[in-house]
1. Taking strands (runs of 3 or more DSSP E) that do not extend beyond the stretch A:462-518, which have at least 1 residues that are on the phi > 0 side of the Ramachandran plot?
2. Of all residues in the stretch A:328-363 being among the small types (Gly, Ala, Ser), within 14 Å of another protein chain (Cβ to nearest Cβ) and near the ligand (Cβ under 8 Å from one of its atoms), which is nearest to A:Arg305 (Cα to Cα)?
3. Quick check: anything in the stretch A:599-608 at pLDDT 95 or above, polar (S, T, N, Q), surrounded by fewer than 23 Cβ atoms within 10 Å (Cβ to Cβ) and within 29 Å of the chain's Cα centre (by Cα)?
4. Using the structure shown, decide if A:Val437 is modelled with pLDDT of 95 or more and more than 9 Å from chain B (Cβ to nearest Cβ).
5. Please go through the stretch A:284-302 and pick out each residue that is under 22 Å from A:His197 (Cα atoms) and at pLDDT 90 or above.
6. (1) under 19 Å from the mean Cα position of the chain (by Cα); (2) in contact (Cβ under 8 Å) with a residue 40 or more places away in the chain: which one isn't true of A:Ala664, the others all being true?
7. Scan the stretch A:180-203 and report the pairs whose first residue is surrounded by fewer than 22 Cβ atoms within 10 Å (Cβ to Cβ) and whose second residue is basic (Lys, Arg), with Cβ atoms within less than 7 Å and a gap of 6+ or a chain change.
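The values are calculated or read from the model by the stated rules, or taken from the named source; none is laboratory data. Being a predicted model, the structure only gives us computed values, none of them experimental. Cβ: placed from backbone, ideal geometry, glycine included. Neighbour counts: every protein chain shown.
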Amino acid sequence: MPFRQFVLKVHSRCDLACDHCYVYEHADQSWRSRPAVMSDETAAWAVTRIAEHVKSHGLAQVHVVLHGGEPLLAGHGRLGRLIAELRGGLGGLCALDLRVHTNGVLLDERFLDLFEEHDVRVGVSLDGDRAANDRHRRYADGRSSYDRVIRAVERLRRRPQLYAGLLCTIDVANDPGAVYRALAALEPPRVDFLLPHATWDSPPSRPTPTAYADWLIEIFEIWSAEGRVVPVRMFESILRTSRGAPSLTESLGLEPADLVVIETDGTYEQADSLKVAYEGAPATGLEVFHHDLDAVARHTGVLARQQGLGGLCATCRACPVVDSCGGGLYAHRYRTGSGFANPSVYSADLFKLITYIRRRTAMPTHSVPAATMDALSAGFGDQEDVRCLAAAQRTMRRALLAGVNAHETPTAGWELLTRLDDEHRDAVDAVLDHPYVREWAVRCLRQGGDAGYLANIAGAAAVRAGAVAEIAITAVDGVFHLPTLGAFEAGSATTARLVAEGGRFSLEDLPGAVWHPLRRLTAEGLSVVLEDTDPHRRCHGHPVAGRLTEEEAAAWQRVFAEAWALIESDHPAYASGLRAGLTTLVPLDPPAGGGSASSAARNAFGAVAVAPPADPATLALLLVHEFQHVKLGAVLDLVDLCDPTHTGLYYAPWRRESPRPLEALLQGVYAHLAVTDFWRVRRHRSEDGPGEVQFALWREQTARAIGDLDGSGGLTPLGARFVSGIRRTLEPWLDEPVSGQAAAAAAELAERYRAESAALRR
Amino acid sequence: MNITDEKQSEVPSNVTDLRDIPLSHVSDIDREGIIRRVLPETLVERVPVARFNSSI
Ligand code: SF4
């Protein structure tokens, strides 16, 4: 993975002598042998390396932090040349977030003019009020730095566009309230509290086992009570990661590290904080003059910090707050002997603080009853179980819609939709429950969708609510589609005015536009939409059929009713879940080479796409098969079953063209568990059909793939539990007798699939 | 039922339940957390700050 954050050590010495500084006061003493200042030549090389990295990885934005020692010791001239070089070398290539972090002592107007000219934001280290700051942040002769730093911050407050924030290293001997108030009074755009660097070899001094958590909790309470006026990076990161959003700091969360340090002599180093671990810990043995950044990215130490959950020790992996904590800052995990495979030396503090903040700010979250998870992992799931998944899908769609709106300037569609959401929630929910609303939103967020369609969604909700509304709707792929209602043919028009009142609606400026209402397929106890109008249904990897004729629709109705009767009679374990979750059937074009085709799309919960089936039994099989994907996709929307950082690829007999990532293998296993079950029953219904061979084939292949899942090391603890549920269902089927002939034919097919797959990969 | 049983009877998700939150009130954090689950690739560059611990 490419680097996006670059720390340039422009000066390796400091004019203060803070006794908690990780550069000078900890294990790694490499600063002693380094040039004090980064030369112009080294700086030019550093910029060249970053620029080539940006180009080769197509990076849209990078962050560069000028750091030290004390970077301002490099002087106005040298720093000016470096900044100009950075802006010149990277400016045309990507967005450059350029910052400098200083102790503030030398920060004068001349520096600020320079930073203003080149848009460099300035962060300052300050440990709080005078008493707190003077405890550590002093000159070598013991003098206080406080007044000078405050003067610097005052200068910054007069140039708010340059003011990045304040960084405070915690000392639990200080009064947390006084520290916070002193910092907040300086109105920083952001503050962070840093745990003093420590390792298991040299633990922090702490009067009580969770002194740091307690200290921070006091501040958290004041911060909350006062309305969270000053953003606190640590608290924000805990709140964000608790809801699945990314952390804002490398010291928390599971995000892979994408940061590299360039020292004054041009050597690349890993995370700066590693200096506290042992002499030479951050070294890579690489430097800007001979090595590009891709070489650094391949360094084992760098890779080790990109493993997410998989890179943590067993204690952290099993920890309930690991998604927020991430095991703490990498350096803080170090212990001689076990290296970094430990929880943070601040583990007790982190656990207490995160748990506390989560409790204090709890928003209801979705959860899956254990019994539901067990039923789903066994391959089934009844009405209640699937309803639980569907409930979470409603949340997903609301969030995605809000996401689309956040990336657009406010539109009439959003205005109408939010009004209806307040007044006619049921109508809005009914429209948002349409499976392809999510597909549309996802396309917009990936920059491939038409955000104007939001007006169509709002329009459809207005019609359903019986509200009075008038709104310009958008044509997508030649139709003005109104989700859950149908579509007008658009001809050459791109927008039209929808007028709705009392549930009736028309296009004011296109009164003759042909209307295609949606139709339904019905069977005993089940009714689904026959979706052939929504342009966003084109997401199934197969060409979809156009608007069906009445005859074609009638043919679908016949085969659907028979297929459903078959599912109810022969495969009742799947019927209940399907009844609760299958809402939409999308006809596909018949595949060019004959045979069957079907698909479920991750972003279209409730929909299954199928090409006209040969017979009702085939449709029953395809519905059961695809609905497994629908269920599992919805489970994966809620919880992680696979470690997202796992990169292994696996042979899947059902997708022979290329090896599959772990989650895709799990999807295939889950679907083929049901396929096996289908043939297990079916083989007894028609003796001369393919049932016996298909049963023998898929039970064997599914069992093998379960073995691959188990052995992958890429399942989360919950994923392992889910896979054991699958295994428990399959295992007894492995002992069911099949004829020798069928077993041989299945073995031959399995062999052929392997050979086919190998040939395709060559 | 003791606390452990209670814990084990539900598998928690970090997805905030937004069903009863008006669309206009969905918070940035909740929205981002969910988009990240659905579209992990789109958020890689969205955090607008340098995450370096020793600067702000
Ligand atoms: S709280 Fe402790 S055990 Fe849990 S993730 Fe953090 S460091 Fe690991």
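1. A:486-489
2. Ranking the qualifying residues of the stretch A:328-363, first place goes to A:Gly328.
3. Yes, some residue in the stretch A:599-608 is at pLDDT 95 or above, polar (S, T, N, Q), surrounded by fewer than 23 Cβ atoms within 10 Å (Cβ to Cβ) and within 29 Å of the chain's Cα centre (by Cα).
4. yes
5. A:Thr284
6. Of the numbered conditions (1) under 19 Å from the mean Cα position of the chain (by Cα); (2) in contact (Cβ under 8 Å) with a residue 40 or more places away in the chain, the odd one out for A:Ala664 is (2).
7. A:Leu186/A:Arg157; A:Glu187/A:Arg157; A:Arg190/A:Arg233; A:Trp200/A:Arg335; A:Asp201/A:Arg335
Here's the yes/no breakdown for (1) facing another protein chain (nearest Cβ under 7 Å); (2) modelled with pLDDT of 85 or more; (3) part of a loop (DSSP other than H, G, I, E, B); (4) surrounded by fewer than 19 Cβ atoms within 10 Å (Cβ to Cβ):
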residue: B:Met1; (1), (2), (3), (4): no, no, yes, yes
residue: B:Thr4; (1), (2), (3), (4): no, no, no, yes
residue: B:Val15; (1), (2), (3), (4): yes, yes, no, no
residue: B:Leu18; (1), (2), (3), (4): yes, yes, yes, no
residue: B:Asp30; (1), (2), (3), (4): yes, yes, no, no
residue: B:Arg37; (1), (2), (3), (4): yes, yes, no, no
residue: B:Arg46; (1), (2), (3), (4): no, no, yes, yes
residue: B:Asn53; (1), (2), (3), (4): yes, yes, yes, no
